[in-house]
1. Which condition from (1) in contact with a strand residue (DSSP E or B) (Cβ under 7 Å, 6 or more places away or on another chain); (2) within 14 Å of chain B (Cβ to nearest Cβ); (3) part of a loop (DSSP other than H, G, I, E, B) is the one that residue A:27 breaks?
2. Please work out which residue is nearest to the chain's Cα centre (by Cα), limiting yourself to region B:90-102 and to residues that are surrounded by 13 or more Cβ atoms within 10 Å (Cβ to Cβ) and free of Cβ contacts under 8 Å to residues at least 24 places away in the same chain.
3. Could we say that residue A:54 is closer than 30 Å to residue B:259 by Cα, surrounded by 17 or more Cβ atoms within 10 Å (Cβ to Cβ) and in the same structural domain as residue A:112 (by TED's automatic domain parsing) here?
4. Looking at A:118, A:27, A:100, can you tell me which residue is without any contact (Cβ under 8 Å) to a residue 60 or more places away in the chain and surrounded by fewer than 17 Cβ atoms within 10 Å (Cβ to Cβ)?
5. Out of the residues in region A:50-79 meeting the condition of being within 19 Å of residue A:17 (Cα to Cα) and outside any strand (DSSP E or B), tell me which one is farthest from the other protein chains (Cβ to nearest Cβ).
6. Mind listing whichever residues of region B:216-264 are more than 15 Å from the chain's Cα centre (by Cα) and within 14 Å of another protein chain (Cβ to nearest Cβ)?
7. Can you tell me which residue in region A:82-97 is surrounded by the fewest Cβ atoms within 10 Å (Cβ to Cβ), limited to those that are in contact (Cβ under 8 Å) with a residue 24 or more places away in the chain, assigned to a helix (DSSP H, G or I) and more than 8 Å from chain B (Cβ to nearest Cβ)?
């Protein structure tokens with residue numbers, strides 16, 4: 001393991017920001033720390049960087065215990081949410097900062113800054129001041145500045161939070177390509193699951209200062225281990241009486257269930273003949289057109305859930321009576337989540353949409 | 001002209017709006033009111049604008065005004081620049097290092113409220129009636145606003161900038177000079193401007209009480225000759241000098257410190 005956290009605890013007054021956090025990260029990975037705000041993800045990042053100090057526990061970087069090593073000596077690049085560019089320095093001087101600290105020669109600094117500006121695709125901006133840049137440009141410069149001293153680890157604290165949606169999408173892809181190209185181990189904090197799922201190799205889900213689950217994006221998405229992850233990931237609807245649904249037996253030890261819209265199929269009433277004992281009736285409560293698909297909210301005798309309706313499917317409208325087929329749900333007790341497949345759907349060819 | 005903009009509409013800045021914006025109208029109104037008021041009183045009590053102008057011309061041509069202005073300005077320049085230099089350095093240190101803050105702040109928060117003029121007698125006893133006591137007085141008047149603002153500036157430094165520097169390996173001293181000091185410049189600049197007005201106020205008061213020269217002396221002694229027009233001239237000169245000095249500072253700040261966030 002390249003980065004290893006062992007039993008990290010950190011409290012701010014009564015608030016436990018890190019509660020026995022342990023995990024490891026392999027070299028060269030792009031890892032996402034994902035969780036709602038206040039879940040302790042930024043604290044973990046800052047503890048790794050040395051900008052915050054844990055109350056107890058150990059941090060190892062490349063096998064070396066760094067508890068007592070200052071932020072300035074850890075060899076880490078840090079990209080801040082608000083960019084934290086020096087407003088009184090030009091782009092050139094901002095990027096050169098870490099190199100000047102390392103007492104590199106003028107020529108070398110010049111060469112490296114040029115190289116980085118080229119890398120971030122902003123070669124002509126060296127004389128500009130940060131206030132003359134757009135949000136996306138600022139973040140690219142902040143990225144270049146963090147990379148300039150050749151850090152072994154790159155930490156990014158919600159790097160796209162302050163950037164508008166369109167540019168954010170672009171920057172995400174760009175960042176992933178960039179990090180893959182350089183091959184630097186990176187940890188990236190976000191509260192946006194799409195962002196984490198899209199660009200990381202591995203996700204660490206945090207909640208209330210604890211690590212809930214560690215896994216690949218696919219793994220996290222398809223096999224949530226804890227009630228929190230089951231609810232947090234995906235566009236989930238919580239079901240309190242899932243035993244009332246056809247094909248699902250209530251398990252008293254696992255009182256709650258969640259269902260994701262992609263596991264729910266809505267069709268015109270009476271069209272589907274098969275799976276009669278799995279087919280539910282419902283009323284369309286809400287129709288939201290999302291561009292590539294339509295999101296439906298259907299009411300099934302008091303149980304409301306969301307479903308994805310493909311543009312190829314026959315159009316259903318508000319108030320219409322429809323058939324609903326639920327392929328699978330997640331049920332959970334206090335600590336663990338389980339996948340539950342509709343037992344009345346024996347034909348395994350009809351899976352997912 | 002673009003062919004898409006052929007409506008013929010051009011936004012006009014009215015000349016009246018400009019006059020009001022620049023404060024010219026205010027001055028015009030004051031001048032008229034002054035003139036009207038002066039009609040009801042003798043020149044000894046309230047000289048008319050015209051009488052004042054005549055008086056001004058007389059002390060300008062015989063060189064009295066120029067001399068007094070030069071002396072006052074020199075005193076301000078000496079005390080103020082010394083005060084700025086010392087206060088900025090102290091302020092940076094006090095703001096940055098808690099220990100100095102603990103030691104110096106009680107002193108600071110007490111003497112801030114003792115105006116320079118309150119200490120004039122003491123300064124006269126300690127430093128004599130000559131130039132030294134005046135420079136010390138200006139120095140005293142300058143250091144508090146500059147120091148208080150500098151300290152505030154240091155304490156308001158964006159911690160993420162400090163941490164960015166830290167994560168790039170910068171030492172404490174480097175962070176101080178490359179992050180803390182430049183980030184504090186807008187506040188320091190505000191302190192310097194406030195210090196200047198404090199300095200001018202104090203020097204005039206000091207010259208009135210204990211001096212044989214300077215603008216304050218001119219204003220004060222004119223009373224004995226019933227030259228109210230000279231008093232008015234002195235007051236107007238004072239206001240004008242302060243205004244010009246501040247404008248000059250703003251101009252320099254806007255020109256050379258723009259990237260540090262100095263806004264004018």
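The values are calculated or read from the model by the stated rules, or taken from the named source; none is laboratory data. Note that the structure is a prediction, hence the values are computed from the model and not measured. We place every Cβ from the backbone using ideal geometry, glycine too, and count neighbours over all the protein chains shown.
1. Among (1) in contact with a strand residue (DSSP E or B) (Cβ under 7 Å, 6 or more places away or on another chain); (2) within 14 Å of chain B (Cβ to nearest Cβ); (3) part of a loop (DSSP other than H, G, I, E, B), the lone unmet condition for residue A:27 is (2).
2. We begin by selecting, within region B:90-102, every residue surrounded by 13 or more Cβ atoms within 10 Å (Cβ to Cβ); these are B:90-97, B:100-101.
The next check asks that each one be free of Cβ contacts under 8 Å to residues at least 24 places away in the same chain; those that pass are B:93, B:97, B:100.
Values: B:93: 24, B:97: 29, B:100: 28 Å.
Step by step, filter region B:90-102, then rank; the result is B:93.
3. Values: closer than 30 Å to residue B:259 by Cα: no; surrounded by 17 or more Cβ atoms within 10 Å (Cβ to Cβ): yes; in the same structural domain as residue A:112 (by TED's automatic domain parsing): yes.
No, not satisfied.
4. Numbers: A:27 fails: without any contact (Cβ under 8 Å) to a residue 60 or more places away in the chain; A:100 fails: surrounded by fewer than 17 Cβ atoms within 10 Å (Cβ to Cβ).
None of the others qualify; the one that does is A:118.
5. Looking only at region A:50-79, we keep the residues that are within 19 Å of residue A:17 (Cα to Cα), and these are A:50-59, A:67.
Adding the requirement that they be outside any strand (DSSP E or B) leaves A:50-55, A:67.
Working: A:50: 8, A:51: 5, A:52: 10, A:53: 13, A:54: 17, A:55: 20, A:67: 17 Å.
That would be A:55.
6. So in region B:216-264, the residues more than 15 Å from the chain's Cα centre (by Cα) come out as B:216-236, B:254-263.
Selection gives B:256, B:257, B:258, B:259, B:260, B:261, B:262, B:263.
7. Among them, the one singled out is A:92.
Each row is one residue, and each column tells you yes or no for (1) more than 14 Å from every other protein chain (Cβ to nearest Cβ); (2) over 30 Å from residue A:80 (Cα atoms); (3) in contact with a strand residue (DSSP E or B) (Cβ under 7 Å, 6 or more places away or on another chain); (4) touching a residue at least 40 places away in the same chain (Cβ under 8 Å).
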{"site": "B:85", "(1), (2), (3), (4)": "yes, yes, no, no"}
{"site": "B:146", "(1), (2), (3), (4)": "yes, yes, no, yes"}
{"site": "B:152", "(1), (2), (3), (4)": "yes, no, no, yes"}
{"site": "B:169", "(1), (2), (3), (4)": "no, no, no, no"}
